Structure formats: C-alpha cells, structure tokens
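Presented below is the structure to which this report refers.
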Amino acid sequence: MEKLKKNLEKDTTKITFEIPIIPPTINKYIGRTNIWEYQKEKKKVHQAIRLSTIGLNPKIKKCKMKVTYYFRDRRKHDPGNYDKMLLDGLVESNIIEDDNYSVIEEYTTIGKVDNKNPRIEVEIWIIKI
C-alpha cells in the first residue's frame, strides 16, 4: 500500500497504511478487573501500528479518516468496538495529534472479510488549516 500521496487536484495529502493485526473488541474487557490483560493487548496493537507507520510522523491536526477492518470470519462485529486501541495507537505513534472530533472531522469504518489476511487499512486525508 502506498504510504504517502499528494493529490494535486484537490490540494490535499492522503496517507495510507496497513496494520497486520485487528485489535480485540472492547467488549472483551468491559466489566473485567484484569487490567494487565488489556494493557498487554494494547501494547501489542500499538507496536503493530508503530511498525506499520515507520517513516510517517505527521502529527496531523485536522483530517478525515477511513478505516477498513478485514476480519478473519463473518461473525457479527460491532462497529466502534475495535476503534479505541487503533485511535489511541495512532495518537501514540504521532500520526494524529488527538483522537477527538476537533482533529478527526470525519470518521468512517467499514467491515469486510478476508480469512487469509486479516488486517486494518487506514486512509487519512489531511485537511489544511
């Protein structure tokens, strides 16, 4: 996947990258007291994000984002339950300045199935401010 592309027609910059891991659903940790298990998974996901974004360090202040999850199977996956670790990892990796709506103006998630290659594809359009 191409990591950085300048779209001269719209005067925007688009960043795309792929993360070879799907974070666990947040439902796995709600109501549980084992914070260490959550921290271990979070560290694993954030490391995968850092490795997938090597060479990128834009610390984006305003953007639109599209995230496509490619799950291993067709089980029901609730939108939003996978985003927390991903967005926190993007902040920690200095891709985006923060994970709130003042930075992420528009956020779209899509769920698909690829049983041979589960992953996350992230597309970010930087909005000039």
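The values are calculated or read from the model by the stated rules, or taken from the named source; none is laboratory data. Source: prediction; values computed, not measured. Ideal geometry is used to build each Cβ from the backbone, glycine not excepted, and the neighbour counts take in all protein chains shown.
Say we look at the range 108-129 and pick out the residues that are over 15 Å from the mean Cα position of the chain (by Cα) and part of a loop (DSSP other than H, G, I, E, B); which of these is modelled with the lowest pLDDT?
Ranking the candidates gives Ile129 first.
Can you pull out the residues in the range 108-126 that are of a type in the set (A, V, I, L, M) and crowded, with 16+ Cβ neighbours inside 10 Å?
Initially, the range 108-126 is screened for residues of a type in the set (A, V, I, L, M), giving 110, 113, 120, 122, 124, 126.
Residues satisfying the conditions are Ile120, Val122, Ile124, Ile126.
Here is a list of conditions, (1) within 13 Å of the chain's Cα centre (by Cα); (2) within 20 Å of Thr109 (Cα to Cα), and Arg50 meets all of them except one; can you say which number that is?
With respect to (1) within 13 Å of the chain's Cα centre (by Cα); (2) within 20 Å of Thr109 (Cα to Cα), Arg50 is out only on (2).
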